[in-house]
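Novice: Take this structure, written in C-alpha cells, and hold onto it; I'll ask about it next.
Only the coordinates and a few stated rules stand behind these numbers; no lab work does. Quantities reported herein were computed from a predicted structural model and do not represent experimental measurements. Counting neighbours? That spans all protein chains shown, and the Cβs are built from the backbone with ideal geometry, glycine included.
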Amino acid sequence: MKKKFDVKDLITVGVFTALYFVVTFIVACLGFIPIFMVLMPLIGPVFSGIPLMLYFSKIKHFGMVTITGIIIAILMFVTGHPYPIFIFCIGAGLITELVLRAGNYSSIKHCVIGSATFSLWLLGMVIAFFFGFRESYFAYLVDGYGQEYVDAMMGYTPTWVFFAMIVMCLVGGLIGGLLGAKVLNKHFRKAGMI
C-alpha cells in the first residue's frame, strides 16, 4: 500500500471521477420521467458499477475515493442540489475508503461492498424531496420541470420512500459491483486481485 499521493494518483482520480460522473449523469437523465428519479438510487449504481470497479482496482491508498466524493459534491452543488449533497458524498467516500482499506485495496469482495457504500452518495441528490427542503425545493423545480412533474414527484416521495432508497442504493451498488467484477474479471486477475 502506497503512503502518499503522486501525480499518477491524481490523474487516476480525475479520469475515473469524470467517467463515473458522466455515466451517472446520463442515467440521471431518465429522471425527467418522475418514477425514474425515484428509482435512480437503484438504477444508477448498476450502470456505473463497471467504471467504479475499474477505478477501485487502481486505488492503492486512502483518500482517493474521498476526493472523488468531494468533486462529485461540488459538481452536484453547482448544478442546483442543496448543501446536504456534501455530507452524503463525503460520508459515502469515507465509508468506502474504510471498506477498501479493510480489504487492503486488493479484495474484489471489498470492492463490491465499496460499490454499494459509495452509491449512498445518491441519497444526497434526493434528500431535498423528503426532509427540511421539501416545499422550497419542489417550488424551485416548478420553473424547470413544470407543475405536473412536481405534483408527480410529490406523490412518489412520501417520507418512507427515502428509507426504501437507502436499500435501493445498497442493492443497486452490489449489483453494479458484481457486474463490474464479472466484466472486468481479466483486469482483476492482471491486477493480482483474484
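Novice: Evaluate the charge dipole of the chain about its Cα centre and quote only its size in Debye, nearest 20, assuming +1 on the Cβ of each Lys and Arg and -1 on the Cβ of each Asp and Glu.
Specialist: 1280
Novice: With no solvent and one equal point scatterer placed on each C-alpha of the range 7-189, evaluate the Debye formula and give log10 I(q)/I(0) for q = 0.11, 0.18 Å⁻¹, two decimals.
Specialist: These q points yield log10 I(q)/I(0) values of -0.45, -1.12.
Novice: Test of understanding: what is the full-extension gain from ILE33 to LEU10, defined as 0.36 nm times their sequence separation minus their Cα-Cα distance?
Specialist: 4.7 nm
Novice: May I ask for the angle, rounded to the nearest 10°, between helix 134-145 and the longest principal axis of the chain, with both axes built from Cα atoms and the value confined to 0 to 90°?
Specialist: For 134-145 against the chain, the angle is about 90 degrees.
Novice: Please rank ILE127, ILE70, ILE35, fewest neighbouring Cβ atoms within 10 Å first, as an exposure proxy.
Specialist: Exposure proxy ranking, most exposed first: ILE35, ILE70, ILE127.
Novice: Using only the Cα atoms of the range 31-102, build the gyration tensor, take square roots of its eigenvalues as a ≥ b ≥ c, and label the shape rounded, prolate or oblate: rounded if a/c is under 1.5, else prolate if a/b is larger than b/c, else oblate.
Specialist: Oblate, because a/c is 1.5 or more while a/b does not exceed b/c.
Novice: Got a sec to turn the phi values of the range 73-78 into Karplus ³J(HN,Hα) couplings, 6.51 cos²θ - 1.76 cosθ + 1.60 with θ = phi - 60°, whole Hz, x for Gly and Pro?
Specialist: 4, 5, 4, 5, 5, 6
Novice: Something else: Measure out, as a whole number of angstrom, how far apart the alpha-carbon centroids of the range 107-180 and the range 58-106 sit.
Specialist: Rounded to whole Å, the Cα centres lie 16 Å apart.
Novice: Here's another thing I want to ask about it. Test of understanding: ordering MET64, MET37 by Cβ neighbours within 10 Å, fewest first, what list do you get?
Specialist: Details: MET64 25, MET37 21.
Ranking MET64, MET37 by Cβ neighbours within 10 Å, fewest first, gives MET37, MET64.
Novice: HN-Hα J couplings of the range 112-127 from phi, Karplus 6.51/-1.76/1.60, θ = phi - 60°, integer Hz, Gly and Pro as x?
Specialist: Working through the residues one at a time gives 5, 4, x, 4, 5, 5, 5, 4, 5, 4, 4, 4, x, 6, 10, 4 Hz.
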